[in-house]
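Notes follow once the structure below has been shown.
The values are calculated or read from the model by the stated rules, or taken from the named source; none is laboratory data. Note that the structure is predicted; figures quoted are calculated from it, not measured. In this analysis, Cβ positions are derived from the backbone assuming ideal geometry, glycine residues included, and neighbour counts consider all displayed protein chains.
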């Protein structure tokens, strides 16, 4: 097996370890940090079920962002919904045989790829063209967009310009999952695509991509508005009561 | 009016976001607290050598104590949804008054010292060392946030800049850089019992005077009781209600409601203040100690209900935090909470907003109202930020919007709404909340009022509105001061219970 195949195998093991381990570490930290006061942005649901629904709307529909402005919402939603379908499309590289529902989603993933790139383009134009957003942008904000766009473009290059051996790619990833590395096609575009994806996985737990788990731990969104009915005490605040 | 303070011109309505004017407000800073003021409430007197380490140490503690701060500092993606939502940005055009940029003042320091990329590649991710310049910037811009939470409505992750502002003020207090206005008031509330420093005997005199005035006006002997043990209701209200105009008109309104409904009530000289500036400085200990005064007064007086007057941030603290801080509420199963909760009447929501109480009475038909008495007024309602986005009323989400409006409609015939982008959960702050209601920040306050003034101008021009009702003492004081800068009469702001006071008929119910 080629050195490159081994390097990519090692890279993806490392990337998965960092992504999963890093996210678990961060999520554990969020979960263990107390929220001492009830601070839902009101009006807020009064029940746990209502909160679950509020979070579901935020995750699936970006409800708050929609209130903030339609254009930003449109670009962001196109990108995220597109990305979700594109990820589903790529599931076919990891399951054998391919499930029936997945076979239905796979062709949609191509259109979703265009939606994703269109969304990213919109977000990037906004970042450059809108004075307020330009002011708050850091170099890493642009790099993150560049990374995602490059992943999308390199993916499309393999679909439309220089086909790669997808059967061999699938064998490579199935092999990784069985801890039995298989050769990876010697295709520079594929190498680029995979390197960028690994980079995205590696930076995820250390970057603003933490907004994904962050939303679920955001006290202004995940707390029910029940402060008059329930006494809510953080572990560090409870002992204060005995001093009075 | 101060000579150097000018209102910005009203923009075309509905407005478009303004261009940026970097540094426009970098010089706007409130007075720094003296060492005496600081030490009186347990903070270091001044900034001394080694403050950087102590500030970062405090920041680390807050990150461990507050999930909000931890998650919010990590989660922002710089999307800019909040950027044009802050009244101070819209009024001043200073880019550092965009909520995301305000958060970034702390986030840049957080990244530098608490995250891997910030330690390795500070420039790439916009991380900065904590220097005196950065601290000065914090002092300026974290005192140009009224903690109104409007930005949090539009943030896809619910990031609440108020939480960041509170943390920043807490860190600054911890290293001896406090704000004079808020910290002096906190000292007063502990020393005297209320924010205005009105001692018990003066309060008793004031209330006797109000009884005489009300008797003269109505012919009814409406009482304003103080420290009466055994009363059913303890009313806790902002101390401005005792003598400031237009606040006192609402106090008279509450008294008339209690009188008409035959409810025995009392004020407390110990808890003669609903306001809790501990919220503004983000200090849990102060927040709690100020709230405990209410608990103690309620236990001493043996009351069955605790009712809160027209005060925005006080209602947020009461509604959302009192149960946690002082066991005022329901559902507590620990000895501390039970000691009070077993005394309170469980048939009522504890604490109760005066609007909830009045609206319940109106619905029961317990009050005789003559809305024609308000026919000289065309009324609109300004939602106060802490009530709108930090609390609730009644049994369902949004009760904080419908209940005050229902009261206004019951007591006044001519009522108009302002533009939907400026009311309910999207309401604009008056420009004076969050500990900024101090004269040296008048320029900021006038500019911060711009979005509300624009919306008000529209209903004044189109519908002849001449009365803006609100249920917050800070809103009332702020508008009284800034309305003239925009060409309005200062008397056009007043409380919901001022309208109730005008319409209510005392004596036998017909």
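Only one of the listed residues (B:290, B:294) is under 17 Å from the mean Cα position of the chain (by Cα) and part of a helix (DSSP H, G or I). That residue is B:290. Go through (1) in a helix (DSSP H, G or I); (2) crowded, with 24+ Cβ neighbours inside 10 Å one by one and return the number of the condition residue B:140 breaks. Of everything listed in (1) in a helix (DSSP H, G or I); (2) crowded, with 24+ Cβ neighbours inside 10 Å, residue B:140 misses just condition (2). Could you list, in sequence order, all residues of the stretch B:149-169 that are in contact (Cβ under 8 Å) with a residue 60 or more places away in the chain and part of a loop (DSSP other than H, G, I, E, B)? Passing the criteria: B:149, B:155, B:156, B:157, B:159, B:160. When B:170, B:137 are checked against the criterion of being farther than 27 Å from residue B:22 by Cβ, in the same structural domain as residue B:55 (by TED's automatic domain parsing) and either modelled with pLDDT of 95 or more or touching a strand residue (DSSP E or B) at 6+ places or on another chain (Cβ under 6 Å) (or both), a single residue qualifies: B:170. Among the numbered conditions (1) part of a loop (DSSP other than H, G, I, E, B); (2) touching a residue at least 24 places away in the same chain (Cβ under 8 Å); (3) buried (at least 19 other Cβ atoms within 10 Å of the Cβ), the only one that residue B:220 does not meet is (3). Just one of the listed residues (B:379, B:303) is out of contact with any helix residue (DSSP H, G or I) (no Cβ under 8 Å at 6 or more places or on another chain), surrounded by 21 or more Cβ atoms within 10 Å (Cβ to Cβ) and away from chain A (no Cβ under 14 Å), and it is B:303.
When residue A:154 is tested against the conditions (1) buried (at least 17 other Cβ atoms within 10 Å of the Cβ); (2) under 13 Å from residue A:12 (Cβ atoms); (3) at pLDDT 95 or above; (4) more than 14 Å from every other protein chain (Cβ to nearest Cβ), the lone failure is (2).
Screening the stretch B:1-90 for helices (runs of 4 or more DSSP H) wholly inside it with 1 or more residues that are within 11 Å of chain A (Cβ to nearest Cβ) and surrounded by fewer than 22 Cβ atoms within 10 Å (Cβ to Cβ) returns the ranges B:51-65.
Exactly one residue out of B:356, B:310 is under 21 Å from the mean Cα position of the chain (by Cα), part of a helix (DSSP H, G or I) and assigned by TED's automatic domain parsing to the domain that holds residue B:291: that is B:356. Note on the stretch A:180-230: enclosed helices (runs of 4 or more DSSP H) holding 3 or more residues that are modelled with pLDDT of 95 or more, more than 19 Å from residue A:156 (Cβ to Cβ) and within 14 Å of chain B (Cβ to nearest Cβ) are A:211-217, A:219-222. All conditions in (1) modelled with pLDDT of 95 or more; (2) farther than 29 Å from residue B:172 by Cβ; (3) touching a helix residue (DSSP H, G or I) at 6+ places or on another chain (Cβ under 6 Å) hold for residue B:270, with the sole exception of (1). The set of residues in the stretch B:94-132 that are farther than 19 Å from residue B:72 by Cα, within 9 Å of chain A (Cβ to nearest Cβ), free of Cβ contacts under 8 Å to residues at least 12 places away in the same chain and part of a helix (DSSP H, G or I) comprises B:123, B:124. If you go through the stretch A:58-69 and keep only what is exposed (fewer than 15 other Cβ atoms within 10 Å of the Cβ) and within 11 Å of another protein chain (Cβ to nearest Cβ), you end up with A:59, A:61. Selection within the stretch A:82-98: residues that are farther than 22 Å from residue A:60 by Cβ and without any contact (Cβ under 8 Å) to a residue 60 or more places away in the chain. The member of this set that is farthest from the other protein chains (Cβ to nearest Cβ) is A:97. Inspection of the stretch A:34-52 finds no residue satisfying the criterion of being under 19 Å from the mean Cα position of the chain (by Cα), touching a residue at least 12 places away in the same chain (Cβ under 8 Å) and under 30 Å from residue B:387 (Cβ atoms). Please tell me if residue B:415 is at pLDDT 95 or above, away from chain A (no Cβ under 14 Å) and surrounded by fewer than 24 Cβ atoms within 10 Å (Cβ to Cβ). The answer is yes for residue B:415.
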